[in-house]
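Worksheet: one structure, shown below.
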Amino acid sequence: MNAEAPKITSYPIGGRAREIISRDVKLMARSYMRQYPLVVKRVEGAIVEDLNGNLYIDFTAGFGTLPLGGLNPEVVKSIVRQAENLSTYSLRAAYSEEALELIEELSKIAPIRGDLRAIFVNSGSEAVDAALRSMIWHTDKRIFLSFIGAYHGSTLATSSISFNNSWIRCEPSFMKTIHIPYPYCFRCPLGLNLDKCRLSCLTYLKDVTSRVGAQKIASIILEPIQVEAGVIIPPKNYVEKFSKIVREKKIPLILDEVSTAPGRSGRWFAAEHWNLDADLICLGPQLSSGLPLGIVLARESILDLEPETFESTTGGCQLSIASALTTLRVMRDEGLVERAGRLGRNVLKRLEDLRDESGVVGDVRGIGLMIGLEFAGDLELGRRLAKIFVKECFRSGLIIRRRLSTIILTPPLNIDEKLLEKGLEILEAKMRELSRSKETIC
């Protein structure tokens with residue numbers, strides 16, 4: 001399939017695909033907003049085949065859930081082997097050696113000091129939800145600090161600590177969230193210029209903690225990189241000073257690494273880039289190559305929950321655990337963490353050149369195989385350009401995604417380099433076309 005892709009020979013929503021989409025419109029909640037008119041038949045590596053035989057290069061890795069691409073042979077074998085013996089048996093009912101092996105593997109690489117304990121759930125959202133509940137239990141406090149632009153999940157609690165306008169009024173009564181500015185330097189939430197701001201977002205953090213009282217704060221939750229907001233990466237000096245403030249004020253730190261770990265940043269955990277230690281870490285289905293899984297890792301003293309305080313009937317499904325163990329092994333054996341860093345640097349340099357050439361890209365940022373290209377100008381124009389760009393790339397056989405005015409690239413960590421080159425060539429060609437036609441769009 002690599003040699004053929006991309007290959008667009010049929011109308012994507014023709015034939016049976018149109019029937020399926022019509023059924024979807026009738027049966028699915030309107031909250032589902034698909035970015036592509038695509039009915040997927042098969043995913044192999046970084047190639048997506050639709051129902052009409054079209055082949056696309058996937059620069060999203062299944063929206064970030066397939067770090068090894070689709071149908072990785074080692075992952076498939078491990079799932080089949082596990083299904084033949086034990087597909088699932090609730091961790092509420094019995095012990096699982098495989099679950100313990102996974103936690104032992106994660107304990108070797110997780111940026112948590114000291115002994116740790118774990119909770120198994122079904123998703124990244126549930127992992128963050130469990131983390132919040134654990135912190136409330138541990139601290140007997142209800143106030144959480146989160147960040148503007150954050151995305152932590154779709155449960156009631158995780159939606160309230162996220163910064164999404166559609167959920168901003170859905171805060172549960174058992175907790176209070178205060179959102180503080182994230183260091184989004186290209187479009188500063190405080191309206192300041194980078195050369196003059198002096199990290200005013202940190203001053204805001206200190207002011208909030210002083211007014212509220214650090215002793216009343218249950219925790220602060222941080223995405224080391226805000227991938228879903230457009231791959232927003234904090235400056236190194238920000239993280240250093242942030243870490244110092246959190247330590248001095250003794251505020252527990254939750255790291256949401258659902259979108260960044262394992263390996264996507266060029267390190268096992270993104271927090272490692274800044275030597276950032278956590279009290280608690282949340283992981284999601286990227287760990288298990290897309291199968292339902294969420295894990296909370298925390299210092300032993302934090303997960304001091306009473307028996308039956310928190311249990312998940314289906315969390316820790318043996319199929320998901322087998323997939324996660326194999327995903328970690330393949331990443332380690334094939335050197336994919338280091339490869340993500342190397343490929344990411346090369347792609348970033350290439351896209352920086354494209355930014356300088358095109359005149360329509362205002363910012364390129366990235367670390368490992370997480371890269372964001374943000375369009376220049378006001379946000380509304382940037383959103384329009386990003387929407388057009390995603391559509392034009394899709395028509396040429398390249399799947400990318402966007403958030404507001406930013407194009408987000410998260411290809412599989414093991415993507416074939418020739419396929420990566422093909423995708424970049426499409427992206428560059430479409431950006432040049434967009435640059436030439438910008439005046440007519442405006």
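Values as computed for the structure displayed
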| read-out | value |
| --- | --- |
| Cβ pairs under 6 Å, 6+ apart, first in the stretch 35-63 and over 25 Å from GLU74 (Cα atoms) and of a type in the set (A, V, I, L, M, F, W, C), second open to solvent by 20 Å² or more (accessible area, probe 1.4 Å) and assigned to a strand (DSSP E or B) | LEU51/LYS41 |
| Subset of the stretch 120-144 that is part of a helix (DSSP H, G or I) and among the acidic types (Asp, Glu) - its residue that is farthest from ALA218 (Cα to Cα) | GLU126 |
| Listing of helices (runs of 4 or more DSSP H) fully contained in the stretch 20-119 that carry 1 or more residues being open to solvent by 40 Å² or more (accessible area, probe 1.4 Å) and modelled with pLDDT of 95 or more | 73-85, 97-107 |
| Selection within the stretch 230-262 - without any contact (Cβ under 8 Å) to a residue 60 or more places away in the chain, surrounded by 15 or more Cβ atoms within 10 Å (Cβ to Cβ) and of a type outside the set (Asp, Glu) | PRO234, TYR238, VAL239, LYS241, PHE242, SER243, ILE245, VAL246, LYS249, LEU253, ALA261 |
| Matching residues, the stretch 2-13, being within 21 Å of LYS391 (Cβ to Cβ) and exposed (fewer than 11 other Cβ atoms within 10 Å of the Cβ) | THR9 |
| Selection within the stretch 209-224 - open to solvent by less than 70 Å² (accessible area, probe 1.4 Å) and either within 27 Å of the chain's Cα centre (by Cα) or polar (S, T, N, Q) (or both) | THR209, ILE217, ALA218, SER219, ILE220, ILE221, LEU222, GLU223, PRO224 |
| Scan of the stretch 340-372 for residues that are assigned to a strand (DSSP E or B), within 22 Å of THR260 (Cα to Cα) and in contact (Cβ under 8 Å) with a residue 40 or more places away in the chain, ordered by number | ASP363, ARG365, GLY366, ILE371, GLY372 |
| Count of the stretch 275-305 residues which are within 15 Å of ILE109 (Cα to Cα) and open to solvent by 10 Å² or more (accessible area, probe 1.4 Å) | 4 |
| Which numbered condition ILE217 fails, given (1) without any contact (Cβ under 8 Å) to a residue 60 or more places away in the chain; (2) out of contact with any Gly (no Cβ under 6 Å at 6 or more places or on another chain) | (1) |
| Qualifying helices (runs of 4 or more DSSP H) (wholly inside the stretch 150-221; at least 2 residues being farther than 28 Å from VAL361 by Cβ and in contact with an Asp or Glu (Cβ under 7 Å, 6 or more places away or on another chain)) | 156-161 |
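The values are calculated or read from the model by the stated rules, or taken from the named source; none is laboratory data. All figures in this text were calculated on a predicted structure; none of them were measured in a lab. Note that each Cβ is placed from the backbone with ideal geometry, even for glycine, and that neighbours are counted across all protein chains shown. Accessible surface areas use protein heavy atoms only, side chains included; no ligands, DNA or RNA. Shrake-Rupley method; radii C 1.70, N 1.55, O 1.52, S 1.80 Å.
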